[in-house]
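These notes are about the structure you will find just below.
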Amino acid sequence: MRTRVGYTGGTTLDPTYTELGDHTESIELEYDPQVVDYGTLLELYWEGASGASASCDQYAPIIFWHNDEQRDLAQASWDEHDEPEVAVREAEHFYPAEDYHQKYRLRNVEVVFRDFERMYDDHDDIVRSTAAARCNGILAGYGSWDELGAELDSYGLTEAARQELEGRLGR
C-alpha cells in the first residue's frame, strides 16, 4: 500500500544519508495482509536477493520482522534459502530518509511527479500515497499493466502523466 525509504537497525539517533552511523538503508513496506501476506513478500525479497552481499553495513541485506509470526516466517524463509549474507533481525525504530530519497523514481519523471505535487500540498502526503508508491514502482521497472490498469483512473493523473506510465509499461 505504501513504501518509504530510510534507515533502521542501528543505535545512532536521527541518522541521515551522510551520517548513517550503524544503521542500514532500508525500505518500510505497509501492506494489506488481506491482499498480500508476509510470506509472499518474503518470496519477492528472495527473488531479488539471490547472491546478496554487502560491501558495508549501509547496504547490508537484512530481513526485519515486527512480531513473532513474522519472525518465525522470516527465519523459516532464511533456513530454506540458506543465504549466509542475509540477516534476519527484529525491526527497530525506522527513520525516514531525506525527502530527495523518497519516491526517487517518481520525482525524476517530472510530468508524473508534478501531478502528485498538484494533488498533495505536503511532501509527506506524496510519500504516504498508495498511488505514488505504485507509480514509483512502475517507473522503476516493476509491475504490469494488469496491475496498474485497473487502478489508474482513480489516481487523478493528467493525460500526459498517464501516457508516460503507459509508455513505461510498453502500451
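Under the condition of being closer than 21 Å to Arg168 by Cα and free of Cβ contacts under 8 Å to residues at least 24 places away in the same chain, which residue from the range 115-128 is surrounded by the most Cβ atoms within 10 Å (Cβ to Cβ)?
Phe116
Okay, residues lined up against (1) surrounded by fewer than 15 Cβ atoms within 10 Å (Cβ to Cβ); (2) more than 16 Å from the chain's Cα centre (by Cα):
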{"position": "Thr3", "(1), (2)": "no, no"}
{"position": "Asp22", "(1), (2)": "yes, yes"}
{"position": "Glu30", "(1), (2)": "yes, no"}
{"position": "Tyr38", "(1), (2)": "no, no"}
{"position": "Trp78", "(1), (2)": "no, yes"}
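Mind counting the residues in the range 5-15 that are among the aliphatic types (A, V, I, L, M) and over 19 Å from the mean Cα position of the chain (by Cα)?
Count: 1.
What residue, among those in the range 129-167 that are surrounded by fewer than 19 Cβ atoms within 10 Å (Cβ to Cβ) and acidic (Asp, Glu), is nearest to Tyr104 (Cα to Cα)?
Of everything passing the filter in the range 129-167, Glu166 is nearest to Tyr104 (Cα to Cα).
Return the residues of the range 58-76 that are under 18 Å from the mean Cα position of the chain (by Cα), of a type in the set (A, V, I, L, M) and modelled with pLDDT of 90 or more; say none if nothing qualifies.
Ile62, Ile63, Ala74
The values are calculated or read from the model by the stated rules, or taken from the named source; none is laboratory data. This structure is a prediction, so every number in the text was calculated from the model and none was measured. Methodologically, a virtual Cβ is constructed for each residue, glycine included, from the backbone with ideal geometry; neighbour enumeration extends over all protein chains shown.
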